[in-house]
Structure formats: structure tokens, C-alpha cells
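The values are calculated or read from the model by the stated rules, or taken from the named source; none is laboratory data. Remember, predicted model here, so these are calculated numbers, not experimental data. No Cβ is skipped: glycine too gets one built from the backbone with ideal geometry, and neighbour counts run over all protein chains shown. Accessible surface is based on the protein model in full, side chains and every heavy atom, while ligands, DNA and RNA are left aside. Shrake-Rupley method; radii C 1.70, N 1.55, O 1.52, S 1.80 Å.
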Amino acid sequence: KFGVFPFQSSCDKDVILNILSVLTDLLFLGTSRRIHYMISKGGSEALLQALVAAARTEPPDHSTLLPLLRLLARVGQRDRKFGLKAQKAEATDIILSLVRRNLGHHLHLTHCLWVLRVCASNVTTGTTLGINGAMELLFKVITPYSKRHVRTVRAAIEALAALLKSKSNSRRAVNRGYLGELLRLYQDWHHNDISNNYIYIRRGLLLCLKHITNIQLGRETFLGSHGMEILFTSVQDCLSCKNLDAITTTVTQILRKCYPKECLPVVTVRSSYFFPLPRNAKAEPPCEGSEGEWLKGDSESDGEEEAEKDLDNEDVESKEEDYDLETDVNKLKSRPVLDRPEEELGQYEAMCPELSHNFQELESEPEEEKSLEDRTESLPSTPSHFISSATSVKHPNCRWRNQRVTEMGPDPREKDFKVPLQSWTKKEKCRRDLINEKGDIVEAAQDTDSCEGENPARIHMLTLRPLPKEAAWYKKMFYPECETPVIPSPGGRLENSDIVINLLEKHQADIPFHSPHFYIARAKRVKSIPDYKDLAFPDFWGHQPPPYSKPMLERKYGVQRDKVLDDVRRLIQPGDVIGRTVFDLEASYSSPGAPGCLTFFSKFESGNLRKAIQVREFEYDLIMNADVNSNQHHQWFYFEVRDMKLAVPYRFNIINCEKFNSQFNYGMQLVMYSVKEALQGRPCWLRAGHDICYYKNHYCCSAAAGGGMRGKCYYTLTFTIKFPHKDDVCYLAYHYPYTYSTMM
């Protein structure tokens, strides 16, 4: 309680110095628990009162003030209400007065700046300090660029960053032109800090810019001052050095926040499909109007709201906003936990056999299991053949997927169809064909004698015929009577009804629990709102279990920020951006793809791809369709892609995801099905993709379109894939597709 007594004699001064010395030893050498104990006993108030008393003595005794300021800075870091206590004790004006007096004395000034920083950590106190001219004083300290008195400059920058947490101070800084000065100052420190000795100063300046750009006026001024270009150019020098991660992460956060908001490149975010519901006979499809006007209105209202709000927990909000940029997967938001004890889940095993059964070893009779274990199964050696290019068929009706479900009459074998019970063992993994890096088929080297005495009827295998080598093999398969594609009249059917029969004869397939003929017969009877006419090849042909288990994909270090910077490059370096729509679900006709461009399709059961935009030569933005009669729920995707090149990394960005987080941030991969692989004996959905991550992008939607939530943001799921074959037909999906027809 020494702070309540004024200094009236040299004896009082000696006592005060001794007390300050003891407190310094206790607090600087002790634990934070000791500091919190002191705060709970009124230590902050006592020190502030002592500061006021010491500063009012003429002349000020710096032998007392300096240790007192050090203690205040130490305690203030732990006391969340320190700023309010300083205001109540009328110490804020004293601190500013000390800063003004010591502008030429850097040792004393540094101590004053430390206390000013902890006072400004409270937004209300920081606003008061800004009104009283604190920012002007700090800019006198940090400008112009100089490496003299670096310790003082660092303290001033940290105090300025604390002041700019107040949006009132941020607006004041923008109006007085401080944002441009901060950008120039950051450039000077970046260019002259070759040895990276002043990282803390560079990051402090970035924090100032980050706080200023929390307001709409700051973001607009930042863009007008070419801040995007300046920071994007400077961060390129930091990407290769892990010691500069703090700078790289802060720059990424600023760039992403200041990226101009845009509407999705669709006419309306509502689903492309509409169905009038019962009891609502007057319901009409949603009008397709532009949603671009909301951006201006939202920006204006945003500014008004920001003028009224100064939140103390802005750091927490910012951390929440940018959690997806975390490079350490263990620091990401925690995974969801079970809503009940795990023991209670046992009662559901009967309905969820996949939780307890191993489908590589289906249950069967004991004698069958024994015979299976004694066997060593292997696929027969088949000649290696490449499937020739399928690019010359341009009309949609010439594709595998476009086997019209109305073309086939009732299959005579349908009534006799029975699901075969096939037994699978883990030995199947050993008998799969291996695929080398070039996609060639490498026959498994297995002992041919192991198949002697085997009952061929008991072995489940795919009997393949040699594939034709000529380029138009698929034309002859689908249309044996002509060399050119058959182009039907609008709404008409293909004259040849033997397409599926020819395909199955060429490649005899025996998929467990699946018959293509039976599936087609079932699919014919399914009614859908889009009135699908096409079948996806994996659904028609069937698929086998994956040949092996695959571990979770290891998360690449810093992958999110790399992708965000790639997106920023589109804005500031648009020279290589193509921006061509290559697929549109709502288009009344299918435009031919450009040379070297992928071809997309999703108009089949369970398919979901609304629009595909070619961004660069090997990069595509994809937009998913919302649920019927809805403007949300875009998690599921399932589409076909073809006309790819071999061993080329294609990047796909699904830009209208809605969830705040995704399992794709924890090592999950999408699934891919290759038609060429299927016809060569490996009809499997396999996990695929690398450089996978999920992060918030710059697309938003209006309040009306977003279900009442103003400025709802979208997220991007990005992944890169190298396709195993040239000119293949591949299907990509969120997870293993399971159509309604399959369930039937």
C-alpha cells in the first residue's frame, strides 16, 4: 500500500526504491501465479497510484519512475482490466505526458511505451488514448525508417498495434494517411532486413495493417494503396524460410481479408432444380435475378455497424476466423466427439454391420472358409493393352455414361437374376495387378502352379478379352454398323439397342451383388425431378472393394496459405486467368470443349456439379448445386471428367462449400473411379488427390440468398489429381456413391 503515500523525504524515497527492488525480484523471477496473486490484492491500483504520485514531483525522479514503469508493464500484461484501472486512477494522461517529455531520451521513452501498450490493450482505454493524440506521438517515434534505437521503435510499433485494435483509432489512422505510411515503412524494413534480424518489427507493422483492415474503410484504402501487390510481392521471399512463418501467416490473413468480396458466378444460388410441393399449388420457381447489388449495401451498413462496435475480444474473433490457416494439424479445431458413451453404440450393430464385420471375409459355411483359406487365387495372365483415345466422339450420346435407361427393353434375364454370394479373402490383395507410374499394366508375378486343381467356378475373377488397338475401338463397340457416331434427333433414341450387350460381351464383368442388366431395369423405373436419362458408368458397371487399405493423407505443411496466395495471384496477376465456363448444368445445350480442356458432366443420378470454370490451363473452379427447392447444402459432389492428359497435376476448387471445417483438413481424400481401369479388370473406387485442404474464400451471398444471414461466406475445398491414363473417363466423388436405384 506504499502507493498512497507521497514522497516527502529522502527516507520515503529510499523505502520506495527498496520496495520496488523487492517487487521486481519477486515478479520477474517468479511465476505468473505470483503476479495474479498480487493483482488480486490490489497491486495494479497501488502501482498506478505510485506512478501518479511520482510523476507529479518536480523534477520527475527517473530513478524511481523507471523501475515503477517496468513493474507496471509486467503486471499490466496479466491484468485484463489494467486499462480501465489506469483510466480510473487518471494515469493515462500521466503516461502520455511522460512520453512527450522523453521523446529525446530513448531509455525512458521505451519504458513509457511499454506501459502505454498494456493500457491500450483495453479497447475503451485505447480509444481515449487515440483521442488524446497517442498515435501522433507514436508515428514520430517510428518514422522515418532508421535502425537506431531499435528497442524503442519496437515498443512504439507494439503500442501502435494495440491502439489500432480500436476501430475508432483505425478510422482516425486511415483519415490521417497513416496506412500508406505503414506500407512504406514495412517495405523499408523488409528490403533492409536481409539477415532477418528484425522479424518482430516487421510483424508488428503487419499487425498494425491487420487491425486497420478490420474496418471497411481500411480495406478500401489498403486496396487503393496497392497493399495487395506490396504484401504479395514481399511474402514471396518468406515462403521458403520457416523462421518467417509468423510474417507469412499474418500477410496471408491480411490478403485474404482484403480480397474484394464477390458473388458466386451463378445467376442465383438457389438450386437449379425446382419441384412444386403439395399444399402449395401457387408456388413458383425462384426468380433468377442478379445478386451483385447487395455488396454495396452491405459494405455501407458494415461501416455503420463498425462505427458503433469496439470489441475487446477482437483477437479471439480473428483467431477463430483464420484457424484454417494453421499449419499444424494438431492445432486445428478439435474434432467432434460422440454425443453418447461408446458402449451404447453396441445396440446398433445389427443395423450397422460395417462397424463390426470385415467385408474382405464374408461369413460362409465353415467348410467353404476352410477351402478358401487353402486356396491361392490369382488373376489369369492377360496381355497388356492400352485403351485407345476416346476423344473423337464428341456427341453426348456416344459416351458410356449416356446409355439411355429408356433404350433397353425389359431384360429377359431380369426375372431369373439372383444375387450371388461370393466369398472374398484378404488374399485378393496379393493377386491384384500392379500399376506402374506410367499407368502400364504390370502382370503380377505369381506361381502358376498355385492354380492347379482349382475349381474355376469357385474363383471370382474378371475374364478380360484383349482390347482393340485401333483408335476407334469404342465406336465399333457401341455402333458396329457404322464408323461415325449416330446423332439422334432431339428427344429421339439411338437406333442401336445393343450398346450395353456389346460392351458386356467385349468385357465380361462379374461384380459381386451387381448385374448391369438388372441395374438398368431398376433405374428405368426411378422417377427424379431432373428426369435423368443417363447412367454413370460406375453405377451401371459396378465396382469391387478397394484392393488395399489406405492411411489418412499426411497434411502438407502450410498448404492452406499456399492455396490462398494462389487465389490472390488471380487478382493481382490476371494475365494467365482464362475464366471460361466449360460446363453449365443450366445450359440448354452442351458446348464443345476447347482443345486441351477437360470435359465435365453430372446429369446422372446422384451427380452433383452445377458449373465448371477453367481458371488456368490445368485449374478449374467448380460450383455444386444446392438441394432441390433450397439455396444451401453443397457438401456432396459426384461428376464425370474426361479428355485429361497423363501425369499432369489438375487442380480442382469447389468454391461454394458451407461448413466451417471439413474432414478434408484431417487427411480425408475424395474417391475416383477410372473407366479404363474398370475395363482392364479393376473396377474400384480408390482414394485419390493430394494438396488437399479446406479454407474460407472471398465469395459471399446476400441475406436473402443466404437464408437471412448477411454476408454468409463460402469455403473452398481444393485438391490436385494426376489421372492414371490419358484420355480416360474418370468419376470423382465426395465418398462412395450410393444411388437410389442401387438401394432399390
Tell me whether the range 19-59 comes out rounded, prolate or oblate; compute the Cα gyration tensor, take square roots of the eigenvalues as a ≥ b ≥ c, and use a/c under 1.5 as the rounded threshold. oblate
Fraction of accessible area attributable to carbon and sulfur, the range 80-258 (%, probe 1.4 Å): 50
Under the 7 Å Cα-to-Cβ spin-label approximation, ASP188 and THR720 lie apart by a distance in nanometres of 3.9
Virtual spin-label span in nm between GLU342 and GLU229, 7 Å along Cα→Cβ: 5.7
Which value, in debye to the nearest 20, describes the size of the charge dipole of the range 80-258 about its Cα centre when Lys and Arg Cβ atoms bear +1, Asp and Glu Cβ atoms bear -1, and nothing else is charged? 520
Quick one: length gained pulling LYS527 to ASN197 fully straight, 0.36 nm per residue minus the C-alpha distance? 112.0 nm
About the Cα centre, charge dipole magnitude for the range 65-106 (Lys/Arg +1, Asp/Glu -1 at Cβ), debye: 180
So the FRET efficiency between VAL150 and ASN243, C-beta based with R0 = 25 Å and rounded to 0.05, is 0.85
Grab the beta carbon distance between LEU103 and GLU658, set R0 = 45 Å, and tell me the FRET efficiency rounded to 0.05. 0.30
What net charge do the residues around ALA159 carry, taking every other residue with its C-beta under 12 Å from that of ALA159, with Lys and Arg at +1 and Asp and Glu at -1? +2
Can you give the local net charge around CYS238? Use residues other than it whose beta-carbon is closer than 13 angstrom to its beta-carbon, Lys and Arg +1, Asp and Glu -1. 0
In Å², what does the accessible area per residue of the range 1-139 work out to with a 1.4 Å probe? 48
Using r as the Cβ-Cβ distance of ALA647 and GLN236, and R0 as 22 Å, what FRET efficiency do you calculate, to the nearest 0.05? 0.20
Rank by packing, highest mean first: peptides 717-725, 51-59, 191-199, with packing defined as the count of other Cβ atoms within 10 Å averaged across residues. 717-725, 51-59, 191-199
Once TYR557 and GLU586 are pulled to full extension, the length gained, defined as 0.36 nm per residue separation minus their Cα-Cα distance, is 6.6 nm
Can you pull the accessible area of SER602 for me, 1.4 Å probe, Å² to the nearest 10? 0
The extension gain from TYR666 to ASN18, computed as 0.36 nm times the residue separation minus the Cα-Cα distance, is 227.7 nm
Averaged per residue, what accessible area in Å² does the range 559-742 show with a 1.4 Å probe, protein chains only? 33
Charge sum, other residues only, whose C-beta stays under 10 Å from ARG651's C-beta, Lys/Arg counted +1 and Asp/Glu -1: -2
Under a crude label model (7 Å from the Cα following the beta-carbon direction), how far is PHE274 from GLU349 in nanometres? 5.1
Here the residues of the range 642-661 lying in the modelled label zone of ARG570, meaning backbone nitrogen under 17 Å from a point 7 Å along Cα-to-Cβ, are 650-658
Nearest-20 debye value, the range 647-738 charge dipole, Cβ charges on Lys, Arg, Asp, Glu: 180
Rounded percent of accessible protein surface that carbon and sulfur make up, the range 559-742, 1.4 Å probe: 54
